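Visitor: Attaching a single structure in structure tokens format; questions to follow.
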Amino acid sequence: MPLATELDFPELEGRILALTEGETDAVALMATVVCELHHGHPFADWTGFYRVVAPDLLKIGPYQGGHGCLVIPFSRGVCGAAARTGQVLNVPDVEAFPDHIACSSSTRSELVLPVWNGVGRLLGVLDLDSDTPGAFTAEDEAFLVPLLQKVFKDAI
Ligand code: SME
């Protein structure tokens, strides 16, 4: 398996920006980002978005990997905590996160990032799950935060 450090971030970013250029539909953007990240990141075993569909409520959006939970309130899990606090959450060991929702028993670590559009509306969260402990790095976070800002700037 390649190391995460072998990931060519500029190449992946260039591909995602080229594929999503001019698109404003949030689900179309999410589907494209998920596909590219899931196949491009060596440690991504489940990759998906949860969308804000009502106050304090997330529902499953585009994803790749096994079946994902359909509904997550802001009060639950890593995804809910990221949506509630607006913070990126990098959880190297999901068993040490008291309220982790185990959609898949093989998940060992995860990275969850809130996603806003350019006018500050919270669209949802991006959830990357890995069967490898401590799979996600500060480098992943530093790559994904500005990329999500660019991709979802004009999303509606
Ligand atoms: N990991 C999430 C739940 C969603 S799935 O694992 C697909 C959480 O605890 O928020």
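Visitor: Heavy-atom accessible area per residue, the chain, 1.4 Å probe: how many Å²?
Guide: Per residue, the chain has 48 Å² of solvent-accessible surface.
Visitor: What order do you get for 142-155, 117-130 when each peptide is scored by the mean count of other beta carbon atoms within 10 Å, highest first?
Guide: Ranking, from highest mean packing down: 117-130, 142-155.
Visitor: Counting each DSSP H run of 4 or more residues in the chain as -39500 (n - 2.57), what helix-only mean residue ellipticity at 222 nm follows after dividing by all residues, to the nearest 500 deg cm²/dmol?
Guide: -10500 deg cm²/dmol
Visitor: Something else now. If Lys and Arg each add +1 and Asp and Glu each add -1, what is the summed charge of the other residues whose beta carbon sits under 12 Å from the beta carbon of LEU113?
Guide: With Lys, Arg at +1 and Asp, Glu at -1, the neighbours total -4.
Visitor: What is the gain in length, in nm to one decimal, between ARG121 and LYS150 on full extension, counting 0.36 nm per residue of separation less the C-alpha to C-alpha distance?
Guide: 9.0 nm
Visitor: If you don't mind, another one. For GLY124, enumerate residues with amide H under 5 Å from its amide H, sequence gap 5+ or separate chain, H modeled in the peptide plane.
Guide: Sorted by chain and number, the residues that satisfy this are VAL52, VAL115.
Visitor: Please tell me the relative contact order of the chain in percent, rounded to the nearest whole number, where contacts are Cα pairs under 8 Å and at least six residues apart.
Guide: Rounded, it is 23 percent for the chain.
Visitor: Cut-off 10 angstrom, C-alpha nodes, Gaussian network model of the chain. Which of GLU36, GLU110, GLU139 fluctuates the most?
Guide: Ranking GLU36, GLU110, GLU139 by mean-square fluctuation puts GLU139 first.
Visitor: Can you give the convex hull volume of the alpha carbon atoms of region 4-152 per residue, in Å³?
Guide: 96
Visitor: Within region 63-91, list the residues whose amide N lies under 20 Å from a label point set 7 Å along Cα→Cβ of ASP56.
Guide: In region 63-91, the label zone of ASP56 (backbone N under 20 Å from the point 7 Å along Cα→Cβ) covers 70-87.
Visitor: On to the next question. ³J(HN,Hα) across region 52-68 via Karplus (A = 6.51, B = -1.76, C = 1.60, θ = phi - 60°), whole Hz, x for Gly/Pro?
Guide: Couplings: 6, 10, 6, x, 6, 9, 10, 10, 4, x, x, 8, 9, x, x, 3, x Hz.
Visitor: Hey, any idea what % of region 41-112's accessible area is carbon plus sulfur with a 1.4 Å probe?
Guide: Taking all protein chains in place, region 41-112 shows 53 percent carbon and sulfur surface.
Visitor: Sticking with this one: Label point 7 Å out from THR24 along Cα-to-Cβ: which residues of region 119-143 have amide N under 18 Å?
Guide: Taking a point 7 Å out along Cα→Cβ of THR24, the residues of region 119-143 whose backbone N falls under 18 Å are 119-123.
Visitor: Also, I was wondering about something else. What spacing in nm lies between the two simple spin-label points modelled at ASP99 and VAL71, each 7 Å away from Cα in the Cβ direction?
Guide: 1.7
The values are calculated or read from the model by the stated rules, or taken from the named source; none is laboratory data. These figures come from a predicted structure and were not determined experimentally. Positions of Cβ are backbone-derived with ideal geometry, glycine not excepted, and every protein chain shown enters the neighbour counts. Protein only, heavy atoms only, side chains kept; ligands, DNA and RNA dropped before computing areas. Shrake-Rupley method; radii C 1.70, N 1.55, O 1.52, S 1.80 Å.
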